[in-house]
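The values are calculated or read from the model by the stated rules, or taken from the named source; none is laboratory data. Treat the numbers as computed from the prediction; the structure is a model and nothing was measured. Backbone-built Cβ (ideal geometry, glycine too); neighbour counts: all protein chains shown.
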């Protein structure tokens, strides 16, 4: 654990564009670390969220209100406390069953007087809002529009609530959509389920879900923990400023999370790096990562927006750079798929229409040419040309999204047909299109398979982070 700020010298250093489309890990606005915010957000009632937003606005200015990045120096160690994170684990469901503890507590979301329930507990949503039923029968409606359930168990271990096969630490919030009843404008009768837990407990589940279960070396788990922690805190801050009801998705749209785990390597990786984050110029770095870089890194500025509110994608440590690569061990280091030409053309069109892009008007695909490469010779953008000679410019990440787009009449991509990265070559052969590619994911920041190989040979997490994020600084947030 670092006792002082450590400047990285930079001598080397499950998707899409994260929240905008979401297909890969770690889409994964630079945000200053504010120690007082950690204290304020501990309980997470709505008034606290508002107060924290006000504090942040007063201290540094809301990011979305300025086209100029604002950052303040971060002192190390930062005198903060471990924050909680809100993670959406179910989206638009009609019913959910809670198991595990013998006793549960039901209370308004955030805080308030609680009612005791006997497990298991079934929750469903209907014309009159959420229906709660425990082992004794239907529970009279408390009249709360938003509420939470937590374990009544006490002890040293973090209580866990089971949904299906997953165990979730912390408490669960149930958020009916658009009012919570038919009369209040919820015709579909659906709700979102959000788990609220300490970030360190959350990270154990992320590390276990993001890495292969047979990976055992310590370094790769420590690197994954630091990247996931930094990303989560960064996204959490953005969600607070946007006044959203959750901070993170439990899918690859943000970071994979399947609840708690008892995997020792994941637990140790989080514990050994507790509170450690990556910063740049005094602000949290958006620590992107993906499965396999394929030997050539990508740049955040080429992959995601850099306009007002997204200036964090201009940070130096997450741009393309030449570095050692070791992900040849990945089964997706090189790959090849064959697609139907007509269907792929349709995917490009429908993707373009969904995004308001000119490629929405293309005809039959003729070819795809590289338009621009980054400093590491990885394609940053392509030109798609149809048989009428019309040309359409798309970024490398847009090409990947378009090739995997769920278009009308086109089968969903399978393991055999999925286009896994934007580093590719396209060859039209009659009615088919052959696509050859490198790596898996967007290629920005940490490469999980490179980290695995380096960890196995004994490299430390500090050495690996220096290669992945040159110019970043290691800080302890709490």
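State yes or no: is residue 421 surrounded by 24 or more Cβ atoms within 10 Å (Cβ to Cβ) and outside the structural domain of residue 210 (by TED's automatic domain parsing)? Full working, then the answer.
On the way: surrounded by 24 or more Cβ atoms within 10 Å (Cβ to Cβ): yes; outside the structural domain of residue 210 (by TED's automatic domain parsing): yes.
Yes; evaluated as a whole, the condition is true for this residue.
With the condition kept exactly as written, say whether any residue in segment 248-259 is at positive phi and buried (at least 24 other Cβ atoms within 10 Å of the Cβ). Steps first, answer last, please.
Step one: of segment 248-259, the residues at positive phi are 259.
The next check asks that each one be buried (at least 24 other Cβ atoms within 10 Å of the Cβ); those that pass are 259.
Taking every residue of segment 248-259 in turn, at least one turns out to be at positive phi and buried (at least 24 other Cβ atoms within 10 Å of the Cβ).
Across segment 124-157, which residue is modelled with the highest pLDDT among those that are crowded, with 17+ Cβ neighbours inside 10 Å and in contact with a helix residue (DSSP H, G or I) (Cβ under 9 Å, 6 or more places away or on another chain)?
Looking at the filtered set, the residue picked out is 125.
Return yes when residue 317 is closer than 23 Å to residue 254 by Cα, modelled with pLDDT of 95 or more and assigned to a loop (DSSP other than H, G, I, E, B) and no when it is not.
Details: closer than 23 Å to residue 254 by Cα: yes; modelled with pLDDT of 95 or more: yes; assigned to a loop (DSSP other than H, G, I, E, B): no.
No: the conditions fail for residue 317.
Would you mention how many residues in segment 320-339 are assigned to a loop (DSSP other than H, G, I, E, B), more than 24 Å from the chain's Cα centre (by Cα) and either at positive phi or loosely packed, with under 14 Cβ neighbours inside 10 Å (or both)?
Selection size over segment 320-339: 2.
One residue is enough: does segment 395-404 have a residue meeting the conditions assigned to a strand (DSSP E or B), touching a strand residue (DSSP E or B) at 6+ places or on another chain (Cβ under 6 Å), in the same structural domain as residue 368 (by TED's automatic domain parsing) and under 21 Å from residue 353 (Cα atoms)? Don't jump to the end; show me each part of the working.
Initial filter on segment 395-404 (assigned to a strand (DSSP E or B)): 395.
The next check asks that each one be touching a strand residue (DSSP E or B) at 6+ places or on another chain (Cβ under 6 Å); those that pass are 395.
In the following step, the residues that additionally are in the same structural domain as residue 368 (by TED's automatic domain parsing) were identified as 395.
Then drop every residue that is not under 21 Å from residue 353 (Cα atoms), which leaves 395.
Scanning segment 395-404, I find at least one residue that is assigned to a strand (DSSP E or B), touching a strand residue (DSSP E or B) at 6+ places or on another chain (Cβ under 6 Å), in the same structural domain as residue 368 (by TED's automatic domain parsing) and under 21 Å from residue 353 (Cα atoms), so the answer is yes.
Give the residue that is nearest to residue 221 (Cα to Cα), with candidates limited to residues of segment 457-478 that are in a loop (DSSP other than H, G, I, E, B) and touching a strand residue (DSSP E or B) at 6+ places or on another chain (Cβ under 8 Å).
Going residue by residue through segment 457-478, those that are in a loop (DSSP other than H, G, I, E, B) are 457-460, 469-472, 477-478.
Retained after the next criterion (residues that are touching a strand residue (DSSP E or B) at 6+ places or on another chain (Cβ under 8 Å)): 469, 471-472, 477.
Working: 469: 17, 471: 22, 472: 19, 477: 19 Å.
In this case the residue turns out to be 469.
Could you pull out every one of the helices (runs of 4 or more DSSP H) wholly within segment 178-286 that has 1 or more residues that are out of contact with any strand residue (DSSP E or B) (no Cβ under 8 Å at 6 or more places or on another chain) and more than 29 Å from residue 100 (Cα to Cα)? Break it down stepwise before answering.
Values: elements: 199-210, 218-241, 264-271.
Helices (runs of 4 or more DSSP H) meeting the threshold: 218-241.
Just checking, does segment 84-92 include any residue being out of contact with any helix residue (DSSP H, G or I) (no Cβ under 8 Å at 6 or more places or on another chain), at pLDDT 50 or above, within 30 Å of residue 131 (Cβ to Cβ) and part of a loop (DSSP other than H, G, I, E, B)? Spell out how you get there, then give the answer.
The initial filter retains those residues of segment 84-92 that are out of contact with any helix residue (DSSP H, G or I) (no Cβ under 8 Å at 6 or more places or on another chain), namely 88-91.
Next cut, at pLDDT 50 or above only: 88-91.
Then drop every residue that is not within 30 Å of residue 131 (Cβ to Cβ), which leaves 88-91.
Next cut, part of a loop (DSSP other than H, G, I, E, B) only: none.
No - not one qualifying residue is present in segment 84-92.
Based on this model, can you work out whether residue 419 counts as in contact with a helix residue (DSSP H, G or I) (Cβ under 6 Å, 6 or more places away or on another chain) and under 13 Å from residue 351 (Cβ atoms)? So that I can check it myself, show each step before the final result.
On the way: in contact with a helix residue (DSSP H, G or I) (Cβ under 6 Å, 6 or more places away or on another chain): yes; under 13 Å from residue 351 (Cβ atoms): yes.
Yes.
Here are 164, 118: which of them is modelled with pLDDT of 90 or more and at positive phi?
Working: 118 fails: at positive phi.
Matching residue, one of 164, 118: 164.
If I go through segment 287-310 residue by residue, how many of them are outside any loop (DSSP other than H, G, I, E, B) and either within 18 Å of the chain's Cα centre (by Cα) or within 10 Å of residue 447 (Cβ to Cβ) (or both)? Spell out the reasoning first.
So the first thing to find is which residues in segment 287-310 are outside any loop (DSSP other than H, G, I, E, B), and the list is 289-290, 292, 300-303.
From what is left, the residues that are either within 18 Å of the chain's Cα centre (by Cα) or within 10 Å of residue 447 (Cβ to Cβ) (or both) are 289-290, 292, 300-301, 303.
Matching residues across segment 287-310 total 6.
Examine segment 374-388 for a residue that is over 17 Å from residue 349 (Cβ atoms) and under 21 Å from the mean Cα position of the chain (by Cα), and state whether such a residue exists. Walk me through how you get there before you give the answer.
Here is the first cut: in segment 374-388, the ones over 17 Å from residue 349 (Cβ atoms) are 374-381.
Subset that is under 21 Å from the mean Cα position of the chain (by Cα): none.
So far as segment 374-388 goes, no, none of its residues is over 17 Å from residue 349 (Cβ atoms) and under 21 Å from the mean Cα position of the chain (by Cα).
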